[in-house]
Structure formats: C-alpha cells, structure tokens
1. With no other cysteine's Cβ closer than 4.7 Å, which Cys residues of the chain count as lacking a disulfide-compatible partner?
2. Test of understanding: in a Gaussian network model of the chain with alpha carbons linked when under 10 Å, which of LYS40, LYS61, LYS115 would top the mean-square fluctuation ranking?
3. What label, among (i) 1.30; (ii) 1.01; (iii) 1.23, belongs to Cα Rg over 2.2 N^0.38 Å computed from the structure on display?
4. Which of the helices in the chain meet the span-like rule: DSSP H, Cα axial reach of 20 Å or more, Kyte-Doolittle mean at least -0.5?
5. Counting only C-alpha contacts under 8 Å and six or more residues apart, can you give the relative contact order of the chain as a whole percent?
Amino acid sequence: MRISTKGRYGTRAMIVLAGAYEQGRVSARQIAREQGIPLKYLEGLLCSLRAARLVQSRRGKGGGYRLTRPPAEINLSEVLAPLEDAFDIVHCTEEGDRCRRSGRCCTQEVWREIKQSIDCILCRTSLADLVRRQEELEEAPVGD
C-alpha cells in the first residue's frame with residue numbers, strides 16, 4: 001500500500017486544522033503556505049474532505065476551513081478514505097475480487113492480515129494523536 005500525494009497532503013492539511021480547532025477557521029492560503037502545498041491542489045483536497053463531511057468552510061471575512069468534529073473523534077482512516085482510491089496492498093484481497101487462485105493461495109491470508117494491521121493503525125490514530133506527535137517533534141532538541 002502506498003499513500004499518494006493526495007493522501008499525504010490531505011493529512012497534513014487536516015493536522016493543521018486539528019491544531020487550530022480551538023482557535024477557529026484557517027484559510028486554504030494559510031494551510032498551503034505553511035505546508036508547502038500548491039493552493040489549487042489543496043483546494044481540490046479540501047473539497048473532497050468537505051464532501052466527506054470532515055471539514056466545513058465559510059467564505060468571506062473570518063472565513064476558511066475547520067473540522068466538523070473534534071480532532072480526537074476523527075481518525076486517519078476517515079481522512080484517507082475520500083483521498084485514496086484503494087487501501088489494499090494487492091488486488092486479490094479487494095472485496096469482490098475474483099482471483100482464480102482464491103482459496104488455494106497461501107499468501108492471500110498473509111496479505112489480508114497485513115491489510116487488517118494497517119487498517120487497525122489508521123483507525124486507532126486520531127488527528128489529536130498526530131497533533132501531539134507533531135508538537136513533540138517541534139519541541140524536541142535538534143541533534144548535534
């Protein structure tokens with residue numbers, strides 16, 4: 001499984017919004033500048049996240065984006081779902097796949113276990129967890 005640029009940039013944008021949750025809305029321009037994401041690209045990602053009801057937006061003065069729920073209530077799986085095409089590491093574990101080796105392939109179960117482990121990590125990792133991790137990294141002393 002490889003997380004695409006959409007997934008990585010979208011996650012970074014959501015971490016910014018999670019960090020500013022108590023302060024209010026954040027403009028797309030501010031997120032783009034802070035994270036080094038092209039504004040037009042970011043706007044497309046935010047549109048997908050808004051359609052998934054993870055963010056809301058307001059235009060005009062005091063406008064911008066904010067999370068629809070507290071950061072502790074949004075997990076990484078929810079963030080990636082509207083941004084990524086598939087989470088399967090191999091096509092034969094996708095739901096509805098008609099692999100002709102299904103039931104006779106000893107690796108298929110291993111691939112499913114790996115997928116389940118990934119899903120478990122994504123589901124148990126909240127935006128609040130990621131904000132905490134980011135703050136710890138920013139507070140850590142720089143190596144010699």
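1. Unpaired cysteines in the chain: CYS47, CYS105, CYS106, CYS120, CYS123.
2. LYS61
3. (iii)
4. Within the chain the helices that satisfy the rule are 5-19, 106-124.
5. Working: 150 pairs, mean separation 41.2, N = 144.
Result for the chain is 29 percent.
Each reported figure results from applying straightforward, stated rules to the coordinates on display, with no laboratory input. Fair warning: this is a prediction, and the values are worked out from it, not measured in the lab. Counting neighbours? That spans all protein chains shown, and the Cβs are built from the backbone with ideal geometry, glycine included.
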